1. Output the number of the condition that residue 157 fails; it satisfies all remaining conditions of (1) in contact with a helix residue (DSSP H, G or I) (Cβ under 9 Å, 6 or more places away or on another chain); (2) under 24 Å from residue 82 (Cβ atoms).
2. Is it true that some residue in the range 195-216 is modelled with pLDDT under 90, crowded, with 18+ Cβ neighbours inside 10 Å, under 16 Å from the mean Cα position of the chain (by Cα) and over 20 Å from residue 109 (Cα atoms)?
3. Considering only the range 51-75, how many residues are without any contact (Cβ under 8 Å) to a residue 40 or more places away in the chain, surrounded by fewer than 18 Cβ atoms within 10 Å (Cβ to Cβ) and either in a strand (DSSP E or B) or within 15 Å of the chain's Cα centre (by Cα) (or both)?
4. Checking the structure you have, find out if any residue of the range 163-171 is assigned to a helix (DSSP H, G or I) and surrounded by fewer than 20 Cβ atoms within 10 Å (Cβ to Cβ).
5. Can you pull out the residues in the range 141-155 that are in contact (Cβ under 8 Å) with a residue 12 or more places away in the chain and more than 14 Å from the chain's Cα centre (by Cα)?
6. Residue 178 fails exactly one of the following numbered conditions: (1) at pLDDT 95 or above; (2) within 12 Å of the chain's Cα centre (by Cα). What is the number of that condition?
7. Does residue 80 meet the test of being surrounded by 15 or more Cβ atoms within 10 Å (Cβ to Cβ), out of contact with any helix residue (DSSP H, G or I) (no Cβ under 6 Å at 6 or more places or on another chain), under 26 Å from residue 184 (Cβ atoms) and modelled with pLDDT of 85 or more?
8. So residue 101 passes all but one of these: (1) without any contact (Cβ under 8 Å) to a residue 40 or more places away in the chain; (2) outside any helix (DSSP H, G or I); (3) surrounded by 17 or more Cβ atoms within 10 Å (Cβ to Cβ). Which condition number does it fail?
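The values are calculated or read from the model by the stated rules, or taken from the named source; none is laboratory data. Bear in mind that the values here come from a model prediction, so they are computed numbers and not experimental data. Every residue, glycine among them, receives a Cβ derived from its backbone with ideal geometry; neighbour counts consider all protein chains shown.
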């Protein structure tokens, strides 16, 4: 896939982005309100997690990964670091030496038993606490509270003709994927969920997804 300079994909003009859903100001205002309140509420937890990471594994507290966002532009998606600091090198070694792991990675872009994940990182992932720093992405306008699952650049080709639709909205901290089984569902089903969400997006649906996210996270369905 051709990638333009300045970290952007060739997609629909920006003036057409988000044009399929009218109350954009209300949606953005709700994002800012929820993200601000959540950051205030979770501030003590941020401190506890940061201390725990520094005490259990050397390296930075946060991890910033490039994801594709609104209009096809990439951005740095923030998370609490849940992997060892040489995770990319270890992944390459695993995929070269373990055919089953390579097959699973090719199909899901994830590993069920990922040796790169630290003991604390495993807890953060299963509880979805590793994604709390994405609230800063919401405040910066790079993400929404609700939206498609944020994908990395090499996943764009797997969306095929649906990639342009994905680029019409900001990716979300939660969404249909989050409440539908997450890693337990197949990749093409993830794509269909994103298409379904963008095609029928509404404020009421977003609020419903937010409410359903709570039991989904508590049950840790499909989290890994």
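1. In the conditions (1) in contact with a helix residue (DSSP H, G or I) (Cβ under 9 Å, 6 or more places away or on another chain); (2) under 24 Å from residue 82 (Cβ atoms), residue 157 misses (2) alone.
2. yes
3. The qualifying residues number 1.
4. First, the residues of the range 163-171 that are assigned to a helix (DSSP H, G or I): 163-166.
Filter once more, keeping what is surrounded by fewer than 20 Cβ atoms within 10 Å (Cβ to Cβ): 164-165.
So far as the range 163-171 goes, yes, one or more of its residues are assigned to a helix (DSSP H, G or I) and surrounded by fewer than 20 Cβ atoms within 10 Å (Cβ to Cβ).
5. Taking the range 141-155 first, the residues in contact (Cβ under 8 Å) with a residue 12 or more places away in the chain are 141-153, 155.
The answer is 141, and nothing else.
6. (1)
7. Here the answer is no, as residue 80 does not meet what is asked.
8. (2)
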